[in-house]
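One structure below.
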Amino acid sequence: MAQDYYSLLGVSANASGSEIKSAFRKMAKKYHPDTNRDNAEAEKKFKEINQAYEVLQDDNKRAAYDRVGHEAFVNNMSGAGRAGAANHGNFNGSMSDIFESIFGDFMDTGQARGGNRRARGRDISYKVDISLEEAYKGKTVQIKTPVSAVCDTCGGERSKPGTSPSMCGTCRGAGKIRTSQGFFTMERTCNQCQGQGKVITDPCTNCKGSGFVKKNNDFSVDIPAGVDNGTNIRLTGKGDAGFNGGPPGDLYLIVEIRIHDVFQRDGNNLYAAVPISIVKAALGGAYKITALDGKEIEFKVTAGTQSGRQFRIKDKGMPYLQRNNRFGDLYVQINVETPVKLTDNQKKLLEDFENDSKEETYPETKGFMARMKNLVNRLNACLFM
């Protein structure tokens, strides 16, 4: 005796269509031949649950099954019975429907099955070039970018107003073509209508039958203070128009900050290389620079400052994005500059200074010469070993 279809799927006789579909998906995944290779029992079970679902998912077949039972779907019955038997025998013909039912939610990317489903528009990107000063303060920029918009003449229908598309003769309006290959039925998008199920015989003259036209999207955008190089700003609905009434895509603004001639940025900190004279480095003194907020900063260079030393100035770096009143720091690196193009008098003064200098005047030089002397001694010792 054939097993009851409801029992095969593990549902009650009064189960809803969605409950039957959900139960079928679980069972089909469990017994699918691809996950049960060389398993005759699993293949048999897979065919049985497919037969059960073929009947119970169709309201008319289910009603006949509930009234008569399996007898409504055997070969010697008439009417609905013959139709049911034909469907049972055409196992290959139903395979693509099975795959679509099981995996459709995972494989559907928004493209229209049969050509009638709404699809989201394409996302687009736009580069915004700003200075470091503008990144510090924030800026309102004017955006003018080309996007794909629904044709005003045909409203996206692609046909000339007053005309209608014709049904595709290749796929007979299905938008897809099925071909059988042994156990499986393969399905592909119809090349004639590109999956739409219909062809345009009298295209709209404005959009040339595409349903879309190019236009410039012109609007202003506020770039927030503290934005970093490479930051993406997403503007919802500012991309290309959707298909078949689907929502538009998004616009992504990619911020590019120009190289600055004074400051280098690392995160929210700023770095500046400041040259000072050998006299100021030796004697010390005050030094002034202007920060990105436009305010002048004075810091003290201590006597004997060496090249490469850094001074940290708190809260004079870049503002933190969307965090009010928080800033990075500014690091000033001292580079002692060797004077060039000296006059005879300057050369004489430097020679006098050099002659009057002692070893303690140049501690780093003294330390280096001591290390070199030790190196020479070690090399000489190696020669006589």
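The values are calculated or read from the model by the stated rules, or taken from the named source; none is laboratory data. Since we're looking at a predicted model, the values are computed, not measured. With ideal geometry, Cβ positions are generated from the backbone for all residues, glycine too; neighbour counts draw on all protein chains shown. Side chains are part of the model used for accessible areas, which takes the heavy atoms of the whole protein and leaves out ligands, DNA and RNA. Shrake-Rupley method; radii C 1.70, N 1.55, O 1.52, S 1.80 Å.
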**Fill in**
G211 meets each of (1) under 24 Å from the mean Cα position of the chain (by Cα); (2) crowded, with 19+ Cβ neighbours inside 10 Å with one exception, condition (1)
**Message:** Residues that are among the hydroxyl-bearing types (S, T, Y), surrounded by 13 or more Cβ atoms within 10 Å (Cβ to Cβ) and at pLDDT 95 or above: list the strands (runs of 3 or more DSSP E) wholly contained in the range 246-340 that include at least 1 such residues.
**Reply:** 269-277, 330-337
**Request:** Take E71 and decide whether it is at pLDDT 75 or above and either under 16 Å from D4 (Cα atoms) or part of a helix (DSSP H, G or I) (or both).
**Result:** no
**Item:** Residue list for the range 1-31, restricted to those being in contact with a helix residue (DSSP H, G or I) (Cβ under 6 Å, 6 or more places away or on another chain), not in a helix (DSSP H, G or I) and not β-branched (V, I, T)
**Value:** A2, G10, A13
**Prompt:** Could you list, in sequence order, the residues of the range 221-245 that are open to solvent by less than 40 Å² (accessible area, probe 1.4 Å) and of a type in the set (D, E, K, R)?
**Reply:** D240
**Prompt:** Inside the range 163-178, can you point out the residues that are within 35 Å of the chain's Cα centre (by Cα) and either surrounded by fewer than 15 Cβ atoms within 10 Å (Cβ to Cβ) or over 23 Å from C204 (Cβ atoms) (or both)?
**Reply:** A174, K176, I177, R178
**Message:** Which count do you get for residues in the range 127-160 that are in a loop (DSSP other than H, G, I, E, B) and either in contact (Cβ under 8 Å) with a residue 24 or more places away in the chain or open to solvent by 70 Å² or more (accessible area, probe 1.4 Å) (or both)?
**Reply:** 10
